[in-house]
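The values are calculated or read from the model by the stated rules, or taken from the named source; none is laboratory data. Just so you know, these numbers come straight off a predicted model, no measurement behind them. Cβ placement follows ideal geometry from the backbone for every residue including glycine, while neighbour counts extend to all protein chains displayed. Just the protein is used for accessible areas: all its heavy atoms, side chains included, with ligands, DNA and RNA removed. Shrake-Rupley method; radii C 1.70, N 1.55, O 1.52, S 1.80 Å.
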Amino acid sequence: MRVLRRGDTGPEVAEIRSMLSALDLLPPKEEANGHGSFFDLEVEHAVRAFQQQRGLITDGVVGPATYRALRGSTYHLGSRPLAYSISSPVHGDDVFALQERLTELGYDAGRPDGGFGPQTERALKNFQRDYGLVVDGICGPATVRALRQLSPRARGGRPVFLREQEHLRRSGPRLRGKRIVIDPGHGGPDLGVSVAGVNESDIAWDLTRRLEGRMKATGMEALISRGPDHSPSELQRAQFANDAGADLFLSLHCDGNRSPHAQGVASFHFGTGNGTTSTVGELLAGYIQRELAARTGMLDCRTHPKTWDIFTRTRCPAVRVEIGYLTNEEDRRRLSDPAFRDVVAEGILIAVKRLYLLGENDQPTGTFTFADVLAHELLTTE
């Protein structure tokens, strides 16, 4: 589909209006009055409201991710057969409901992200096998009836994320042996935000190498998702982390804004906006946010749940950090300073260490040093 924005017209816009109206985000318009196929300011506001609800980039533009989410919102569990397809992946609110229901019944369907993947198929087949249904991995009428008839074994607590927490606890406080994928944003011909000769891709690459060196010094296995001359898609970056069996995924970016006054640091993690969130991802985002705000004095723009592909497609907890606005003169000046980037890299490493310490033998925010981390690693090996 083509990207749709304010000023566009046509049947695709009429479809968008119809879906927004069904969600009570837009009053229905009669086709005859000439507005039914026009993308006006009212539609843009409705799109922004929908994007904010669903944890998408709130830009008022209907691109592939927003369109997929809009289409998915029209489905409820039972409205269509659901099955795993590599060539035509199935997404929607009905898939999300299926994943939540299987999890409540004790089956590990993976992260409830609304995408029917191989883990959801395995959980569905296990359910079908246990309850004497045809084991075909297809959620049809008979399977939906069985899902609705059974009482859940557990409610609340989001079991899939409790498993994340338990895995974190069992992995222990040491950094040695932990496998981390560092993802420098953009790359190659994609410079990202570029202002006055300062490029987001270059800042992200330099930060990544500084963080990689510190992580390796602690005994961690730090992998980089791209080379300096490449710009993989978000799906390729997520697949890299999955293939590597990463414990954590850290994506590093800078931001930009039409206003030169916009500044500060913000962190993002998986979350749908309706209470479903990656517990470990949210915890790590909080640690990174607090460390960077305390160490750099940058404006604290807080942590935010999002449903970006980089979060829904990675199997491990993932965090994206937007470190400063290159469109802000002060943020750009500081990010251009190698010494400042050292401070940022150390702050992120300390945040990762805090995550694995789980509150034990910790120190106040902004006071833990790289030397402290190395000393702790040496102490725990003896």
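Screening region 200-232 for residues that are without any contact (Cβ under 8 Å) to a residue 60 or more places away in the chain and among the polar types (S, T, N, Q) and picking the one that is surrounded by the most Cβ atoms within 10 Å (Cβ to Cβ) gives Ser225.
To keep it simple, each residue is scored yes or no on (1) part of a loop (DSSP other than H, G, I, E, B); (2) open to solvent by less than 50 Å² (accessible area, probe 1.4 Å); (3) of a type outside the set (A, V, I, L, M, F, W, C); (4) under 26 Å from Val280 (Cα atoms).
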| residue | (1), (2), (3), (4) |
| --- | --- |
| Tyr84 | yes, no, yes, no |
| Ser87 | yes, no, yes, no |
| Asp94 | no, yes, yes, yes |
| Gln99 | no, yes, yes, yes |
| Leu102 | no, yes, no, yes |
| Gly110 | yes, yes, yes, yes |
| Gln119 | no, no, yes, yes |
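The residues on offer are Arg333, Arg341, and the sole one that is open to solvent by 10 Å² or more (accessible area, probe 1.4 Å) and touching a residue at least 24 places away in the same chain (Cβ under 8 Å) is Arg341. For region 40-82, the tally of residues that are over 30 Å from Gln128 (Cβ atoms), polar (S, T, N, Q) and assigned to a loop (DSSP other than H, G, I, E, B) stands at 1.
Looking across region 295-350, the residues that are farther than 16 Å from Gly185 by Cα and touching a Phe, Trp or Tyr at 6+ places or on another chain (Cβ under 6 Å) come down to His304, Lys306, Cys316, Asp331, Arg334, Glu346, Ile350. Inside region 240-273, residues that are open to solvent by 10 Å² or more (accessible area, probe 1.4 Å), closer than 26 Å to Arg163 by Cα and touching a residue at least 24 places away in the same chain (Cβ under 8 Å) make up a count of 9.
Here is a check on your reading of the model: is Thr58 β-branched (Val, Ile, Thr), open to solvent by 50 Å² or more (accessible area, probe 1.4 Å) and either over 24 Å from the mean Cα position of the chain (by Cα) or at pLDDT 95 or above (or both)? Don't jump to the end; show me each part of the working.
Working: β-branched (Val, Ile, Thr): yes; open to solvent by 50 Å² or more (accessible area, probe 1.4 Å): yes; either over 24 Å from the mean Cα position of the chain (by Cα) or at pLDDT 95 or above (or both): no.
No; evaluated as a whole, the condition is false for this residue.
For region 274-294, taking the residues that are of a type in the set (A, V, I, L, M) and surrounded by 20 or more Cβ atoms within 10 Å (Cβ to Cβ), the one that is farthest from Leu168 (Cα to Cα) is identified as Ala293.
Could you tell me which residue of region 344-372 is most open to solvent (accessible area, probe 1.4 Å), considering only residues that are under 24 Å from the mean Cα position of the chain (by Cα) and farther than 30 Å from Val195 by Cβ? Talk me through it step by step, then tell me what you get.
Our first condition is that a residue be under 24 Å from the mean Cα position of the chain (by Cα); within region 344-372, this holds for 344-358.
Now narrow it down to the ones that are farther than 30 Å from Val195 by Cβ: 353-358.
Working: Lys353: 0, Arg354: 7, Leu355: 0, Tyr356: 10, Leu357: 7, Leu358: 77 Å².
So the residue we want is Leu358.
Residues in region 295-309: is at least one open to solvent by 10 Å² or more (accessible area, probe 1.4 Å), among the charged types (D, E, K, R), within 30 Å of Ile86 (Cα to Cα) and modelled with pLDDT under 95? Checked against the condition, which is being open to solvent by 10 Å² or more (accessible area, probe 1.4 Å), among the charged types (D, E, K, R), within 30 Å of Ile86 (Cα to Cα) and modelled with pLDDT under 95, region 295-309 yields at least one hit.
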